[in-house]
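What follows is calculated from the coordinates using simple rules that are stated; it is not laboratory data. All of these numbers come straight from a predicted model, not from anything done at the bench. Here the Cβ is made from the backbone with ideal geometry for all residues, glycine too, and neighbour counts use every protein chain on show.
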Amino acid sequence: MKIGLISDTHLDDDEPAGLPAWVVETFRGVDLILHAGDIEVASVLDELALIAPVRAVQGNMDRHTLPNLPLTCTVPLDGGLAVVAHRLADARSLWRPGVILLVHGHTHAGAITDVGGVWVINPGSARRPRDGRPPSVVVAEVVGGLIRAEFKFPHRPADE
């Protein structure tokens, strides 16, 4: 099972239409997309849904624009469960036996760590990274409860 992980897209109604093309291209061929919040407009989820089924949670910036999104969700994977929440503390609070992946956002700073056999992944921000980091998403492959995850970034020509 191949999963696209994304967070903190922060796309406003008055900004240029759509997700960055590199995100759409990166997620082509995934089986599922998990969005860890701060979406801001429903069209982002609609665009992602054209690529693969989407499960999304509400971030702190989504309270007024996407109030019907859950604050957390649990998703069955091949060999375990994923917990998705905008804030890491909320994701951790839902840990239970069988959880193999915690996905969160909020910090705009990507990280992939293995904590006692549970992968904790923050895909960073696809549009508004912080601290000089590049925009990022993560593509993870889950097979029989084993996870392999990799950051993906916008393509940059070799001469830059």
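Could you give the nm distance between label points at R128 and L71, where each point is 7 Å from its Cα heading toward the beta carbon?
Taking the simple label geometry, R128 and L71 are separated by 2.2 nm.
Which cross-chain or sequence-distant (5 or more) residues have an amide H under 5 Å from the amide H of W119, H modelled 1.01 Å from N in plane?
L101, L102
Can you list the residues, at least 5 places off or on another chain, whose amide H is less than 5 Å from the amide H of A111, using H built in the peptide plane?
Here N122, G124 satisfy the definition.
Given H placed 1.01 Å from N in the peptide plane, which residues other than close sequence neighbours of S7 have an amide H under 5 Å from its amide H?
Residues meeting the criterion, in which the H sits 1.01 Å from N, are A36, A126.
Mind listing the phi-derived Karplus ³J(HN,Hα) values for the stretch 79-88, rounded to whole Hz, using 6.51, -1.76 and 1.60 with θ = phi - 60°, and x for any glycine or proline?
Going residue by residue, I get x, x, 10, 10, 10, 10, 8, 5, 9, 4 Hz, with x marking Gly and Pro.
Per DSSP H run of at least 4 residues, take -39500 (n - 2.57); add these up for the chain, divide by its residues and hand me the 222 nm value, nearest 500 deg cm²/dmol. Display every interim value, and only then the final one.
Values: 3 runs with 21 residues, N = 160.
Here the helix-only value at 222 nm equals -3500 deg cm²/dmol.
Per the Kirkwood definition applied to all pairs of different Cα atoms, how many angstroms is the hydrodynamic radius of the stretch 1-68? All intermediate terms of the calculation are to be shown ahead of the outcome.
Values: mean 1/r = 0.0835 Å⁻¹.
It is 12.0 Å.
Any chance you could list the semi-axes, whole Å, largest first, of the equivalent ellipsoid that the Cα gyration tensor gives for the stretch 76-160, using √(5λ)? Provide the component values of the computation, followed by the final result.
Working: eigenvalues 129, 48, 15 Å².
In descending order the semi-axes read 25, 16, 9 Å.
Could you give each residue of the stretch 20-29 its phi-based ³J(HN,Hα) in whole Hz, using Karplus coefficients 6.51, -1.76, 1.60 with θ = phi - 60°, and x for Gly or Pro?
x, 4, 5, 5, 4, 5, 4, 7, 4, x
Hey, if you put +1 on the Cβ of every Lys and Arg and -1 on every Asp and Glu Cβ in the chain, which of L66, P135, L5 ends up farthest toward the positive end of that dipole?
L5
Starting from the Cα of R28, step 7 Å along the direction of its Cβ; do the same at H155; then give the gap between the two resulting points in nm.
Output for this residue pair reads 0.9 nm.
Please state the relative contact order of the chain as a whole percent: Cα pairs under 8 Å, 6+ residues apart? Mind dumping the intermediate values first?
On the way: 401 pairs, mean separation 38.2, N = 160.
24 percent.
Which percentage, to the nearest 5, of the DSSP beta bridges contained in the chain is antiparallel?
Details: 22 of 36 bridges.
Around 60 percent of the beta bridges assigned by DSSP in the chain are antiparallel ones.
From Cα coordinates alone, what are the radius of gyration and Dmax values for the chain in angstrom?
Cα radius of gyration and Dmax of the chain are 14.6, 48 Å respectively.
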